[in-house]
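One structure is given here, and the rest of the page talks about it.
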Amino acid sequence: MNPVYLDYAATTPLDSRVLEEMIPYFSDEFGNPSSAHLFGQRAESALEKSRRSLAEDLNCLPGEVIFTSCGSESDNLALRGGALAGLEHHGADHILISPIEHPAVYQTARELHERHNFDVEYLPVDSRGMVDPQVVIERLRPGTALVSVIHANNEIGTINPISEIGAICRAVGVPFHTDSVQGAAHTPIDVYQLNVDLLSIGAHKFYGPKGVGALYVRGGNSLIPHLTGGSQEFGLRAGTENVPLIVGLSRAFHFAQSELEERSKRLQALRDELISTVLDVVPDAELTGHPQKRLPNHTSFVFREADGNFLVSLLDSAGYACSSGSACKTGKPAPSRVLRALGFSPAWASGGLRVTLGIPTTLEDLEGFLDILPGCVEKARKRS
Ligand SMILES: *Cc1c(COP(=O)(O)O)cnc(C)c1O
């Protein structure tokens, strides 16, 4: 039996239509977009066409799109660049983030605290991982350099009220960043409607290539670059642009956003069926994250007193590739930081399982998975 992939929140396969459009830029069209000659001009034209297409799909201007090497780099540029600009320009030294940020934001905020003495404050989240916009009003200070709240959480699927939080930050002129790396595959990304100043995406989460991302930077927001050298990307990110990967990112984003409804509708029906069956057939199981305001392809559970990492390896041996939470390797026994922030005790938080669906997922895949899941959970409980 072929193994079944149920880990689309970790990464997705490349859309063959996207691959086809990338190929010429690995070979014949190899020019450096910064070169003045014809080879360079042709590469630059592909680069700028990709920037215009992505800007149109994000509902922003081409000059507000910065290409990066991954979602993590976009998050780093937003956090570091935004916080350090706030410090330099107005002495702002306060950062507000949620406790359930992806490590690319969470660890970067910690670095900013440890190396630059920023005061990092964590917004409370409810038991489903939602940030209450009203709380943001209370926590904003005159010295707030940046607010960052994850759009759709990778571990629990919850979708935050980004537009409302953004409106609150906009009213007081504090830059607002959201990590939409997980959201971009399955939620509409319109930076104007979302009221964001900074927004991160990464192509491999929406059927594009690995190793390329983008950051939306709303006009008028200044960032201190962390990669210096040439004047590529409006001076915000030095380094010769990776033209084939950028072409792939912009095409994959276009397909994801224009095919959003069909993709989401089918996956959401499978998701809801999977959630209700798991809760039915496995005792002492709970859904994590919001039951409705969650990614349409995302399910996540905790099983009381089960060893989540062991469960993932049992499922893998049975032919099903899932995750215990984030894409991090197993063998890290600490209970999930995100599940702890939601209020789960260690007895529950160590037994996390994330099952995420994708375009190729079928009902038969899920039926086979549901047949073996209860037995695997039982074994994973004996181990813990
Ligand atoms: C995957 C992911 C990232 C990191 O993106 P990379 O392109 O793998 O660096 C950041 N944030 C979220 C929410 C993610 O899911």
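Okay, residues lined up against (1) of a type in the set (Gly, Ala, Ser); (2) within 13 Å of the ligand (Cβ to nearest atom):
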| residue | (1), (2) |
| --- | --- |
| Val196 | no, no |
| Leu199 | no, yes |
| Gly213 | yes, yes |
| Tyr216 | no, no |
| Gly220 | yes, no |
| His226 | no, no |
| Ser231 | yes, no |
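Could you please find all residues in segment 1-28 being acidic (Asp, Glu) and either touching a helix residue (DSSP H, G or I) at 6+ places or on another chain (Cβ under 6 Å) or surrounded by 13 or more Cβ atoms within 10 Å (Cβ to Cβ) (or both)?
Asp7, Asp15, Glu21, listed by residue number.
So that you can scan it fast, the table gives a plain yes or no per residue for (1) hydrophobic (A, V, I, L, M, F, W, C); (2) part of a helix (DSSP H, G or I); (3) under 19 Å from Ser180 (Cα atoms):
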residue: Ser222; (1), (2), (3): no, no, no
residue: Gly230; (1), (2), (3): no, no, no
residue: Ala252; (1), (2), (3): yes, yes, yes
residue: Glu262; (1), (2), (3): no, yes, no
residue: Asp272; (1), (2), (3): no, yes, no
residue: Asp280; (1), (2), (3): no, yes, no
residue: Gly289; (1), (2), (3): no, no, yes
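In segment 321-339, is there at least one residue being in contact (Cβ under 8 Å) with a residue 40 or more places away in the chain, touching a helix residue (DSSP H, G or I) at 6+ places or on another chain (Cβ under 6 Å) and over 16 Å from Lys379 (Cβ atoms)?
Checked against the condition, which is being in contact (Cβ under 8 Å) with a residue 40 or more places away in the chain, touching a helix residue (DSSP H, G or I) at 6+ places or on another chain (Cβ under 6 Å) and over 16 Å from Lys379 (Cβ atoms), segment 321-339 yields at least one hit.
Inside segment 100-129, can you point out the residues that are within 14 Å of the ligand (Cβ to nearest atom) and either touching a Phe, Trp or Tyr at 6+ places or on another chain (Cβ under 6 Å) or more than 13 Å from Asn153 (Cα to Cα) (or both)?
Answer for segment 100-129, where residues must be within 14 Å of the ligand (Cβ to nearest atom) and either touching a Phe, Trp or Tyr at 6+ places or on another chain (Cβ under 6 Å) or more than 13 Å from Asn153 (Cα to Cα) (or both): Gln107, Thr108, Ala109.
How about segment 348-373: which of its residues are in contact (Cβ under 8 Å) with a residue 24 or more places away in the chain, surrounded by fewer than 14 Cβ atoms within 10 Å (Cβ to Cβ) and assigned to a helix (DSSP H, G or I)?
Within segment 348-373, just Leu363 meets the criteria.
Give me the pairs: first residue in segment 165-183 and farther than 23 Å from Ser264 by Cβ, second residue within 16 Å of the ligand (Cβ to nearest atom) and hydroxyl-bearing (Ser, Thr, Tyr), beta-carbon distance under 9 Å, and six or more apart or on different chains, which are they?
From segment 165-183, the pairs are Phe176/Ser148; His177/Ser148; His177/Ser200.
Of all residues in segment 332-347, how many are open to solvent by less than 40 Å² (accessible area, probe 1.4 Å) and touching a Ser or Thr at 6+ places or on another chain (Cβ under 7 Å)?
Counting residues in segment 332-347 that are open to solvent by less than 40 Å² (accessible area, probe 1.4 Å) and touching a Ser or Thr at 6+ places or on another chain (Cβ under 7 Å) gives 2.
Yes or no: Ser45 polar (S, T, N, Q) and within 15 Å of Arg237 (Cα to Cα)?
Here the answer is no, as Ser45 does not meet what is asked.
Using the structure shown, decide if Asn59 is out of contact with any Pro (no Cβ under 6 Å at 6 or more places or on another chain), modelled with pLDDT under 95 and either within 16 Å of the ligand (Cβ to nearest atom) or not acidic (Asp, Glu) (or both).
It is false that Asn59 is out of contact with any Pro (no Cβ under 6 Å at 6 or more places or on another chain), modelled with pLDDT under 95 and either within 16 Å of the ligand (Cβ to nearest atom) or not acidic (Asp, Glu) (or both).
Can we say Phe67 is aromatic (Phe, Trp, Tyr), free of Cβ contacts under 8 Å to residues at least 40 places away in the same chain, farther than 19 Å from Gln182 by Cβ and open to solvent by less than 20 Å² (accessible area, probe 1.4 Å)?
Taking the combined requirement at face value, the residue does not satisfy it.
The values are calculated or read from the model by the stated rules, or taken from the named source; none is laboratory data. Since we're looking at a predicted model, the values are computed, not measured. So basically every Cβ, Gly included, is an ideal-geometry build from the backbone, and we count neighbours across all protein chains shown. Heads up: the accessible areas ignore ligands, DNA and RNA and are worked out on the full protein's heavy atoms, side chains in. Shrake-Rupley method; radii C 1.70, N 1.55, O 1.52, S 1.80 Å.
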